[in-house]
Amino acid sequence: MNRSVNAYRRPIYGTGKRLKRSVLRTLGLWSRQHYDVEVVVENGQATYKKITFKSERQAERVSANLERYGDTPHLPSWRRREGNIIWVDYVQGQPCHRVDDTMMPQIARCFGQIANRDSRLQTFEATPYWQRHLDNLDFLSQTRVIGHRLRRELQYKSRHARPDALRTGFDYGDPIGPNLLSRDECGTICAIDVKNLHSDTLIGEGLAKASDRWMCRERRAVVFAHLNRLGLTDIERAFDFIAIYERTARVKRKTERDLQLHRRVRSARAKRRQLAMLLD
């Protein structure tokens with residue numbers, strides 16, 4: 001990475017947003033992992049993003065995943081790591097704050113390439129996800145997020161949704177609109193929040209999370225059609241189980257953060273309702 005004498009850095013978030021997060025973090029009300037993002041400007045042009053993580057371990061994981069994945073227009077290019085700091089290319093484009101149907105072919109290509117990169121299909125029994133799912137349900141029952149009846153119903157539905165096989169590999173875990181960007185030069189969708197690229201994981205979790213937000217059934221069908229053309233038909237067949245697994249795991253993570261930060265489970269009724277909706 002070349003250094004320019006006419007270079008400076010600016011925070012990617014505005015002053016108000018950074019101040020609000022700092023206050024919430026001080027009060028113990030900000031549960032997300034701490035990290036800072038700065039844009040490196042060289043000769044008047046935004047060139048890199050400098051991402052400072054709380055731990056060197058997290059920076060190492062993100063760097064390793066980006067290096068292993070390799071160059072692609074669907075992710076910012078990795079440049080280097082120094083301790084708990086990594087540098088990636090700054091991507092010029094428009095964030096997909098409001099996803100519309102015209103974006104779906106490009107979004108499907110992004111999901112498809114990530115899912116297809118070095119992925120492997122395994123029999124369901126050869127993966128750890130059934131036992132992890134049962135453990136997650138046990139945890140939510142023990143912390144009284146769900147009662148015994150809801151736990152039994154969720155386990156029953158999960159058992160009937162079990163597929164023959166699951167695909168593992170790379171997955172982008174948080175495809176909310178602001179984390180996706182349409183590149184200025186070509187319209188290709190780029191997933192810019194690089195910490196959400198995961199390797200050796202269950203493929204389809206990101207798709208399941210997006211389905212809880214902006215990806216309605218019709219939009220999901222566009223993604224499945226593209227995945228099927230790539231020969232990844234197993235993802236659609238396994239999606240009922242993936243969706244149950246992902247939401248349960250997400251609620252479990254939120255519950256763990258509550259207990260760590262607040263010593264109690266917050267919004268237990270909302271969490272319970274979110275899981276009960278899986279039975280509809």
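Using a probe of 1.4 Å on the protein chains alone, the accessible area found for Tyr48 is around 30 Å². Using bins of 10 Å that start at zero, the share of Cα-Cα pairs per bin across the range 75-143 amounts to 13, 21, 26, 34, 5, in whole %. Just to confirm the number: angle between the C-alpha axis of helix 148-161 and the first principal axis of the chain, 0 to 90 degrees, nearest 10? The answer is roughly 80 degrees. With q set to 0.15, 0.16, 0.29, 0.33 Å⁻¹, the log10 of I(q)/I(0) for the range 45-90, from the Debye formula over equal scatterers at the Cα positions, is -0.34, -0.38, -1.07, -1.22.
Size descriptors for the range 177-234 (Cα atoms only): Rg and Dmax, in that order, 12.6, 33 Å. Between Asn43, Asn116, Asn65, the GNM of the chain built on Cα springs shorter than 10 angstrom shows Asn43 fluctuating the most. Positive contributions from Lys and Arg (+1) and negative ones from Asp and Glu (-1), summed over other residues with Cβ under 15 Å from the Cβ of Trp214, come out at +1. Using a 1.4 angstrom probe on heavy atoms only, work out the carbon and sulfur share of the accessible area of the range 109-158 in %. So the carbon and sulfur contribution to the accessible surface is 47 percent. With both labels modelled 7 Å from their Cα along Cα-to-Cβ, the Arg217 to His97 distance reads 3.1 nm.
Please report, as a whole percent, how much of the solvent-accessible surface of the range 178-280 comes from carbon and sulfur atoms (probe radius 1.4 Å).
So the carbon and sulfur contribution to the accessible surface is 45 percent.
Our coupling estimate for the range 45-54, obtained by passing each phi through the Karplus curve with A = 6.51, B = -1.76, C = 1.60 and θ = phi - 60°, is 10, 5, 10, 9, 10, 9, 10, 9, 8, 5 Hz, Gly and Pro reported as x. Looking at the chain alone, DSSP beta bridges between its own residues are antiparallel in about 100 percent of cases. Counting each DSSP H run of 4 or more residues in the chain as -39500 (n - 2.57), what helix-only mean residue ellipticity at 222 nm follows after dividing by all residues, to the nearest 500 deg cm²/dmol? Calculated from helices alone, the mean residue ellipticity at 222 nm is -14000 deg cm²/dmol.
The convex hull of the Cα atoms of the range 132-219, projected and averaged over all directions, covers 8.0 nm². Model label sites at Arg132 and Glu67, defined 7 Å from Cα along the beta-carbon direction, differ in position by 2.4 nm.
With protein chains left intact and a 1.4 Å probe, residues in the chain average 54 Å² of accessible area per residue.
The values are calculated or read from the model by the stated rules, or taken from the named source; none is laboratory data. This one's a predicted model, so the numbers in the text were calculated from it and none came from an experiment. Every residue, glycine among them, receives a Cβ derived from its backbone with ideal geometry; neighbour counts consider all protein chains shown. Ligands, DNA and RNA are excluded from the accessible area calculation, which covers all protein heavy atoms including side chains. Shrake-Rupley method; radii C 1.70, N 1.55, O 1.52, S 1.80 Å.
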